[in-house]
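Have a look at the structure below before the remarks.
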Amino acid sequence: MAKPGRSGASKGNKKGPTKGTGGLGRKALEGKGPTPKAEDRAWHVAGKRKAAAERYAAAGGKGKPGGKPSGQSTRGQKAKSADDTETVTGRNSVLEALRAKIPATAFYIAQRVEMDDRVKEMLSIATHRGIPVLEVTRPELDRMAGFDGVHQGVALKVPPYEYAHPQDLLEKVVHSNRTPLFVALDGVTDPRNLGAIIRSTGAFGGHGIILPQRRSASVNSAAWKTSAGAAARIPVALAANLTATLKDFKKQGVFVLGLAGDGDVSLPALELADRPVVIVVGSEGKGLSRLVAETCDQIVSIPIDAATESLNAGIAASVALYQVSTLRAAPSES
């Protein structure tokens with residue numbers, strides 16, 4: 001008599017090979033494969049960055065937009081090489097650079113950017129000049145603009161700033177029958193102060209800026225931004241030795257006026273405004289260096305409230321430039 005079977009147990013009697021699925025269900029078990037890398041997903045931020053880099057490379061650029069130049073060490077910043085570029089950001093600065101025909105290498109515009117007259121003009125100029133126009137994400141522009149940069153949806157890659165020679169700067173103004181008005185910076189290391197001074201120089205009829213080669217801010221992206229585009233119009237010269245350059249200017253009839261809180265001449269009483277002048281601005285902390293101060297024809301002070309210790313270098317230069325321009329514009333007494 002056969003034993004009763006257990007519930008759920010296999011009977012175990014085989015009738016030979018049974019017909020299977022032939023592997024038809026194997027693919028369902030394998031799944032869809034490994035997850036694609038972030039940069040290979042078009043909708044991912046990394047994917048959009050990769051696409052922007054490919055468009056940039058296709059337009060003739062090198063490396064990633066706003067990234068480190070290829071071969072640059074990650075252990076510290078190296079000195080700029082001849083093929084490095086600067087990133088100009090902000091609508092006014094970019095538009096002024098394009099109008100001034102700065103030889104830009106790429107124009108970046110944010111996706112779904114708000115179009116105004118400035119943006120339309122930028123696109124028109126860039127297209128007319130054959131500058132590659134690259135649409136990128138706002139996070140990419142944020143990275144290009146830097147930690148505290150404000151790009152307003154646009155950026156422009158420009159070559160390193162070309163500095164003039166101080167003597168060429170002076171000769172150009174003299175030959176144009178204008179009365180020279182320059183600003184020299186002595187130890188001003190903040191590029192935003194430099195940008196503000198460039199802007200004020202352009203606003204009040206100045207003809208250029210003179211920087212020492214050492215211990216000075218340079219015309220970089222921060223200076224471009226703060227100048228609101230004035231860096232495209234106002235030349236900046238580089239002096240190997242600021243004291244020696246000021247002495248050369250004096251020999252050619254230019255009066256050197258240094259700004260300092262303890263000056264012997266008050267700015268409102270300045271009598272040299274209608275002469276060829278170079279205004280020297282020192283650093284906010286240390287002021288004018290000893291050799292530069294000794295070279296000045298006059299040390300000029302700006303009257304301020306006793307509760308205020310000193311003025312920012314950019315503001316001091318602006319006040320002095322305004323005063324000189326006002327005195328020059330005033331009708332002379334007969």
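Mind listing whichever residues of the stretch 271-292 are more than 18 Å from GLN252 (Cβ to Cβ) and surrounded by fewer than 18 Cβ atoms within 10 Å (Cβ to Cβ)? Correct list: GLU271, GLY285, LYS286, ARG290, LEU291.
Please tell me if SER176 is over 30 Å from LEU246 (Cβ atoms) and hydroxyl-bearing (Ser, Thr, Tyr). Give the steps one after another, and end with the answer.
On the way: over 30 Å from LEU246 (Cβ atoms): no; hydroxyl-bearing (Ser, Thr, Tyr): yes.
No; evaluated as a whole, the condition is false for this residue.
Screening ASN177, ASN193 for residues that are assigned by TED's automatic domain parsing to the domain that holds ALA320, of a type outside the set (Val, Ile, Thr) and assigned to a loop (DSSP other than H, G, I, E, B) leaves exactly one candidate, ASN177. Residue check: LEU156 meets all listed conditions (1) farther than 24 Å from VAL219 by Cβ; (2) in contact with a helix residue (DSSP H, G or I) (Cβ under 6 Å, 6 or more places away or on another chain) but one, namely (1).
Search the stretch 196-216 for residues being out of contact with any Lys or Arg (no Cβ under 8 Å at 6 or more places or on another chain) and in a loop (DSSP other than H, G, I, E, B), and hand back the single one that is surrounded by the most Cβ atoms within 10 Å (Cβ to Cβ). Step through it out loud before you land on a result.
Within the stretch 196-216, the subset out of contact with any Lys or Arg (no Cβ under 8 Å at 6 or more places or on another chain) is 196-201, 203-204, 206, 208-216.
Then drop every residue that is not in a loop (DSSP other than H, G, I, E, B), which leaves 204, 206, 213-216.
Details: PHE204: 20, GLY206: 23, GLN213: 12, ARG214: 10, ARG215: 14, SER216: 19.
The qualifying residue surrounded by the most Cβ atoms within 10 Å (Cβ to Cβ) is GLY206.
The values are calculated or read from the model by the stated rules, or taken from the named source; none is laboratory data. Keep in mind that what you see is a predicted model, and the values were worked out from it rather than measured. Using ideal geometry, Cβ is built from the backbone for each residue, glycine included, and neighbour counts are taken over all protein chains shown.
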